[in-house]
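Some notes on the structure that comes next.
The values are calculated or read from the model by the stated rules, or taken from the named source; none is laboratory data. Worth saying up front: this structure is predicted, and the values here are computed from it rather than measured. With ideal geometry, Cβ positions are generated from the backbone for all residues, glycine too; neighbour counts draw on all protein chains shown. Only protein heavy atoms, including side chains, enter the accessible area calculation; ligands, DNA and RNA are left aside. Shrake-Rupley method; radii C 1.70, N 1.55, O 1.52, S 1.80 Å.
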Amino acid sequence: MPLLRKFARDAESLLGAALVVLLLLFPLLAPGWQLSEFARYFCYMLFAASLAWVWGHCGLLCLGQAVFFGIGAYGMSAVTLGKIAFAPDLVSMWAGLALGVGAAAAFAWLLGRLFFSAGGLAGAFFGIVTLAVAFIVERIAINWSWLGGLNGLMNVPSLRPGLNGGDELVDELAVYFVMLAVLVSVVGALMAVVRSRWGRVLLAIRNHELRAQALGIDVAREKTRAFVLGAAVAALAGAMFVTQFNFASPALIGFALSAEVLIWVAVGGRGSPVAACAGALLVRLAESWLSEALGGYWLLALGALFVFTVVAMPRGVFGELLARADRTLVARSGRSTPA
């Protein structure tokens, strides 16, 4: 019962539950093509959650988060297209996931060891360096023929749940629910990590790094571990996305996509993975509606909407709602608690 009462007072959990219920009911009204579109949106939402973890919870403004998204996409593509020289017959989706997520995590660990040791980078300096990394990795992808160069890797297979290939999962409803299950599972795990002891340690580092260091916390190690987790989640999103998009290109690595995910998280709310997910969905839907309603002027309208949102609601649309809801729920709980 105490756990249920705590859940009922938790605005973030309530928002997440409401969003899941709406998405579960959505297939009752939507045509098949829209289910496929939303399956891709789920990958974007997972990508936004990865940045909310790194930026919002850990205080690491990463301007190159798309690097890990792209590594996941290319890793999945290379395996499922049989491009691994020593194992050309290994075309398993699971091996692709392992390569994409593992490569992104290893790269993030190397960057973390480099950036956070001996005092380390923080704030705008960390953002600028990760931006430079994004440009470097994008140029490598453009000039590496094994990755298809500027043309990228085409005809990437759709989801194939078999241990080593097999039939593709092409039913729109099945793919929709698979991607929704991945999104809910990973974001739920992120929320659990945020509320764990380690999550509180990272929050202490974000709020006052010198004080945390004085208390004996290995700041460089914890930042590196947090950065690796964010990279792994972003790579998972990229690996799943390329099975929907069927095409991996350098655009999945470059700064343009990193800037987009920053907008999604800023609009939704960087303080919560759930708010970031909702922000990604809101912006993608707004882009679709504005492009149809305003034609070539939709980018101007979207930019104006973004500026207004950031100025009027610094915590993001859903971040502000969560903050107000939490205050209301706590106040009501305090009034209802017996003396």
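Among all helices in the chain defined by DSSP H, which have a length of 24 Å or more along the axis from Cα atoms plus a Kyte-Doolittle mean of at least -1.0?
Both cut-offs are met by 32-51, 93-116, 123-143, 172-194, 219-245, 273-294, 317-336.
Of the residues 213, 244, 65, which exhibits the maximal mean-square fluctuation in a Gaussian network model of the chain defined by a 10 Å Cα contact cut-off?
With Cα springs under 10 Å in the chain, the top fluctuation among 213, 244, 65 is at 213.
Figure the gain on full extension for residue 24 and residue 163 (residue separation times 0.36 nm, minus the Cα-Cα span) and round it to one decimal in nm.
Working it through step by step, the gained length comes to 47.3 nm.
Using 0.36 nm per residue of separation minus the Cα-Cα distance, give me the extension gain between residue 34 and residue 207 in nm, one decimal.
Length gained between residue 34 and residue 207: 58.1 nm.
Mind checking the per residue accessible area of region 276-327 for me, 1.4 Å probe, whole number of Å²?
59
Report the Cα centroid-to-centroid distance between region 255-275 and region 67-145 in angstrom, as an integer.
20
Can you compute the charge dipole magnitude of the chain about its Cα centre, using +1 on each Lys and Arg Cβ and -1 on each Asp and Glu Cβ, nothing else charged? Give it in debye, rounded to the nearest 20.
My answer is approximately 1420 debye.
Let me check against my output: what whole-number percent is the relative contact order of the chain, with C-alpha pairs under 8 Å and at least 6 apart?
Across the chain, relative contact order equals 31 percent.
If you take the alpha carbon radius of gyration of region 40-144 and divide it by 2.2 N^0.38 Å, what ratio comes out, to two decimals?
1.17
Hey, what did region 65-214 get for relative contact order, percent, Cα under 8 Å, at least 6 apart?
Relative contact order comes out at 21 percent.
Build a GNM of the chain with springs between Cα atoms under 10 Å: which of 248, 280, 312 gets the top mean-square fluctuation?
Judging by the Gaussian network model, the answer is 312.
How high is the relative contact order of region 1-125? Use alpha-carbon pairs under 8 Å, at least six apart in sequence, and give a whole percent.
Computed value for region 1-125: 17 percent relative contact order.
Which value, in Å², gives the accessible area per residue of region 203-264 when a 1.4 Å probe is used on the protein heavy atoms?
Heavy-atom accessible area per residue stands at 39 Å².
Shape call for region 184-339 from the C-alpha gyration tensor, a ≥ b ≥ c root eigenvalues: rounded (a/c under 1.5), prolate (a/b greater than b/c) or oblate?
oblate
Over the Cα atoms of the chain, how large are the radius of gyration and the largest Cα-Cα distance (Dmax), in Å?
Just the Cα atoms of the chain yield Rg and Dmax of 20.4, 71 Å.
Taking the Cα atoms of region 20-59, report the difference between the largest and smallest coordinate on each principal axis, in whole Å and largest first.
So the three principal-axis extents are 40, 19, 7 Å.
Compute the FRET efficiency between residue 84 and residue 110 as 1/(1 + (r/R0)^6), taking r as their Cβ-Cβ distance and R0 = 22 Å, and round to the nearest 0.05.
0.55
Taking 20 °C and 1.002 mPa s as the conditions, I'd like the Stokes-Einstein D for region 223-315 in µm²/s, using the Kirkwood hydrodynamic radius from alpha carbon pairs.
Answer from the Stokes-Einstein relation: 146 µm²/s.
Could you work out Rg/(2.2 N^0.38 Å) for region 92-247, with Rg from alpha carbons only?
For region 92-247, the normalised Cα radius of gyration is 1.24.
So, with a 1.4 angstrom probe, what is the percent of accessible area on the chain that is carbon and sulfur?
68
If you average 1/r over all unlike Cα pairs in region 101-157 and invert the result, what Kirkwood radius do you get in angstrom?
It is 13.2 Å.
Please compute the modelled spin-label separation between residue 185 and residue 304, points set 7 Å along Cα→Cβ, answer in nm with one decimal.
4.4
Per DSSP H run of at least 4 residues, take -39500 (n - 2.57); add these up for the chain, divide by its residues and hand me the 222 nm value, nearest 500 deg cm²/dmol.
Using -39500 (n - 2.57) per qualifying helix, the result is -24000 deg cm²/dmol.
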